[in-house]
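Written out below as structure tokens is the structure these notes cover.
The values are calculated or read from the model by the stated rules, or taken from the named source; none is laboratory data. Predicted model, so just to flag it, every value in this text is computed and none were measured. Here Cβ is always computed from backbone atoms with ideal geometry, including for glycine, and neighbour counts include all displayed protein chains. Note: areas computed on protein heavy atoms with side chains; ligands, DNA, RNA excluded. Shrake-Rupley method; radii C 1.70, N 1.55, O 1.52, S 1.80 Å.
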Amino acid sequence: MANASETVLVIGACGQLGSELTLALRDLYGPANVVAADVAAPRQADLRDSGPFEQVDVLDKKVLADLATRYRFSQIYHLAAVLSASGEKNPKFAWHLNMEGLFNVLDLALEQQVGKVFWPSSIAVFGPHTPRQHTPQHTVMDPNTVYGISKQAGERWCEYYFRKLGLDVRSLRYPGLIGYKSLPGGGTTDYAVDIYHKALNGQTFECFLNQDTYLPMMYMPDALKATLDLMHAPAAQISVRDSYNVGAMSFSPEEIAGSIKKHLPGFDIVYKPDARQQIAASWPKSVDDSVARQDWGWQPAYNLDTMTEDMIANLKRLKAAQAV
Ligand code: NAD
């Protein structure tokens with residue numbers, strides 16, 4: 001269970017996931033014990049004002065080592081990465097940041113005896129020859145984006161650091177993450193966040209994927225729960241040391257539009273697929289997460305309609321607060 005004496009570092013804390021995970025960790029461990037770090041300055045007032053922030057480039061080993069000496073971290077959540085669609089624009093840099101950043105964190109954790117490391121992988125580790133329905137935990141993996149290749153290599157290295165060097169590193173293959181508090185950072189599933197904002201602004205949504213493109217997705221509260229449940233599970237229960245499949249829901253653009261129309265009947269969507277359609281077509285439609293369910297009791301709470309209801313209620317609340 002959560003231990004109030006933990007000292008936690010979140011790298012990439014200003015991003016879509018980090019800005020919410022940092023707040024959840026501060027609730028658990030106390031605001032002063034969770035250091036938010038990012039190469040960018042925090043824009044979100046709640047993140048900036050609720051605890052320590054350090055402007056850090058994960059590629060700078062010396063700055064990372066100084067930080068770890070100062071705070072003596074017991075856990076590191078390393079979230080900084082270039083995502084799938086952005087990675088294709090500058091593949092060499094995406095490889096450099098995603099791999100060197102991971103090595104810097106894994107080596108730092110070994111050198112400074114950090115108890116546990118969390119590093120997210122992605123459904124992007126799968127590729128065109130992977131079975132696309134209920135993609136198994138262990139299966140063919142032939143990723144064809146630089147992001148997917150870096151995540152697959154990262155998974156192998158995480159397992160290596162655990163088996164050969166004894167580092168307690170844990171990982172989840174997140175599906176597309178959807179939340180109302182933050183905007184996405186250049187992935188192939190970003191449309192499923194943007195669509196809610198456009199719908200509430202009364203705009204027609206131009207979707208960059210085809211109407212029948214199914215992808216695995218997860219609402220942010222479930223992603224936070226999965227992350228914390230995995231990190232709190234006893235080490236003996238973690239049988240997967242590359243990265244766990246975790247599923248919650250699978251839907252197409254047409255289906256999410258239908259779910260939104262139940263609340264906003266005038267909402268309209270048009271389809272203009274771009275290069276991201278090709279990436280989406282190589283990814284699973286749904287994943288088999290039975291190993292996560294067995295090992296540490298993974299169970300999502302939200303489906304498409306309950307997520308839509310919650311997203312719309314919260315975005316309306318935020319809009320109303322901004323208008324005051
Ligand atoms: P994001 O792009 O929103 O955030 C990444 C953050 O990392 C940004 O705040 C950025 O400023 C920071 N960063 C970039 N370079 C850095 C550097 N050199 N040093 C320090 N910080 C740096 O990404 P996200 O959506 O929050 O994703 C977080 C992690 O989860 C990533 O590893 C991503 O691959 C993984 N993931 C995300 C999703 C998703 O749908 N969001 C799905 C699967 C996996």
Under the rule of at least 5 residues apart or a separate chain, name every residue whose amide H is placed under 5 Å from the amide H of residue 271.
207
Taking all protein chains in place and a 1.4 Å probe, what share, in percent, of the accessible surface of the chain do carbon and sulfur account for?
52
Which aspartates and glutamates have a Cα less than 13 Å from the Cα of residue 61, not counting those fewer than 8 places away in the same chain?
100, 107, 111
Residue-normalised accessible area of the chain, given per residue in Å² at a 1.4 Å probe
42
For the chain, the longest site-free run once trypsin sites (Lys or Arg not before Pro) in DSSP loop states with at most 13 other Cβ atoms within 10 Å are removed
90-261
Which entries of 151/319; 62/92; 116/285; 62/225; 151/181 show an alpha-carbon separation above 28 angstrom in the structure shown?
151/319; 116/285; 62/225
